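Pasting a structure below so you can have a look.
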Amino acid sequence: MSASAQAAGGGGVAPFRVGLLGHGTVGSAFARLLDERAAEIERFNGRRPVISGVLTRTRGDFEEILAGADLLVELIGGVEPAREYLLAAMRAGRHIVSANKLLLSLHGEELFETARAHDVRLRFEAAVAGAVPVVRVLEESLSATPIERIHGIVNGTTNFILTEMTAGATYAEALAEAQRRGFAEADPSDDVSGRDAAAKMAILARLAFGRPVHLDEVRYEGIEHLHGDDLEYARELGLGLKLIGTAERRDGGLSVRVHPAFLYAGHPLASVVGPFNAVTVEAEAITEITLSGPGAGGRPPARAALGDLAYYLHLDVADRPGVLAAVTGVLGDEEVSIKSVVQRGMGESARLVMVTHPVLEAQLRTALARVAEFEFVRAAPRMIRVIEEEWV
């Protein structure tokens with residue numbers, strides 16, 4: 001056990017020990033964030049999370065880290081040895097958090113089956129769309145809703161590059177700037193080829209449609225071949241260029257694909273710029289829900305892996321003027337800050353989907369109790385907490 005773990009566990013309740021596999025861009029950001037938020041997490045859950053061991057190519061022993069951890073966070077990337085480590089950890093009864101979209105898109109079924117067989121949780125929010133909570137929404141909020149289509153921008157690196165090119169930069173200049181700012185790796189081939197986005201769409205398709213989708217089944221095209229003059233002509237036509245991932249039901253089967261596409265300014269994804277991601281989920285019962293947030297760089301994926309102290313609120317309300325203002329007024333009174341909100345009408349009723357900034361749970365529960373008293377609220381407000389059972 002590390003010195004920090006021993007110190008944290010010196011009095012009273014033992015710390016919650018986190019074994020960290022990988023200490024690169026995302027891994028180091030995760031470690032810093034965990035240290036920053038440890039006191040807040042302890043207030044919520046009664047146990048202080050600490051990094052009990054770190055495994056890299058040059059330091060650490062996997063068996064020792066596994067033996068000394070309550071939870072493993074896998075941020076190595078690649079297929080092996082990550083797959084071997086995760087299988088061994090779950091067989092040993094450890095919960096897992098992973099940001100490894102390539103591994104999940106190639107060996108997801110084996111990993112999910114192992115998690116079920118050993119009654120452990122395999123969380124992978126950070127593997128798809130950075131800090132956008134689409135995985136939790138599909139797994140929890142929409143688990144019983146027949147999804148028709150998912151599409152969106154799921155690679156923040158390419159979105160940043162295309163945004164820079166739209167502003168006049170060449171592809172090489174935009175890529176260099178993305179690397180300088182930490183949005184692109186030294187080897188950006190997985191991002192710019194579309195392969196990274198394809199792996200993420202394979203994971204989303206499995207969640208949305210309940211069928212295994214392998215990376216090799218996803219058709220993808222990247223942005224390496226694009227030229228600046230293409231974007232200049234597009235601007236004259238009122239178009240913007242995005243790398244779009246789509247998974248949808250078609251002709252009794254599924255179609256999953258990634259490719260660049262021009263969008264008119266009125267399209268909801270057209271305004272998503274820089275290293276941001278956005279995903280739209282469409283279903284007959286809900287019309288559509290769009291979720292957005294940062295998606296490239298070390299810190300957003302690290303926040304998703306940690307399970308930041310934000311909350312996702314779902315309110316079924318009467319479809320009438322003033323409802324959103326009344327709800328946000330109460331939240332504001334209780335110092336609950338809203339990061340984003342989507343409102344969709346559905347005949348006699350509507351759904352409000354909100355994402356909060358980090359907030360104390362007591363404050364949020366007080367606010368929701370007040371909101372529930374409004375006569376236009378048709379069902380008990382629902383909140384999804386980002387810090388899951390792994391931290392309890």
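Please treat every number below as a calculation from the coordinates, not as lab data. What you see is a predicted model; the values in this text were computed from it and never measured. Positions of Cβ are generated from backbone atoms using ideal geometry, with glycine treated the same way; all protein chains shown enter the neighbour counts.
FRET efficiency for Ala14 and Ser189, Cβ-Cβ distance as r, R0 = 51 Å, nearest 0.05?
Numbers: r = 44 Å, r/R0 = 0.86.
For Ala14 and Ser189, the calculated efficiency is 0.70.
Could I ask something else about it? Can you compute the FRET efficiency between Ser271 and Glu173 using 1/(1 + (r/R0)^6), with r the Cβ-Cβ distance and R0 = 25 Å? Round to the nearest 0.05.
Numbers: r = 23 Å, r/R0 = 0.92.
The pair Ser271/Glu173 has a calculated efficiency of 0.60.
Excluding Arg149 itself, calculate the net charge of residues whose Cβ lies under 13 Å from the Cβ of Arg149, where each Lys or Arg counts +1 and each Asp or Glu counts -1. Present the calculation step by step, with values, prior to reporting the outcome.
Numbers: positive: Arg249, Arg250, Arg257; negative: Glu148, Glu248, Glu282, Glu284, Glu288.
Residues near Arg149 contribute -2 overall.
Please give the contour-minus-distance gain from Thr58 to Ala379: 0.36 nm per residue of separation, less the Cα-Cα distance, rounded to one decimal in nm. Provide the component values of the computation, followed by the final result.
Details: separation 321, 0.36 × 321 = 115.56 nm, distance 5.37 nm.
Taking Thr58 through Ala379 to full extension adds about 110.2 nm, to one decimal.
Evaluate E = 1/(1 + (r/R0)^6) for Thr145 and Arg370, where r is the Cβ-Cβ distance and R0 equals 22 Å; express this FRET efficiency to the nearest 0.05.
The computed FRET efficiency comes out at 0.20.
Also, quick follow-up: If you take every residue apart from Tyr220 with its C-beta less than 10 Å away from the C-beta of Tyr220, what net charge results, scoring Lys and Arg +1 and Asp and Glu -1?
My count for the surroundings of Tyr220 gives +1.
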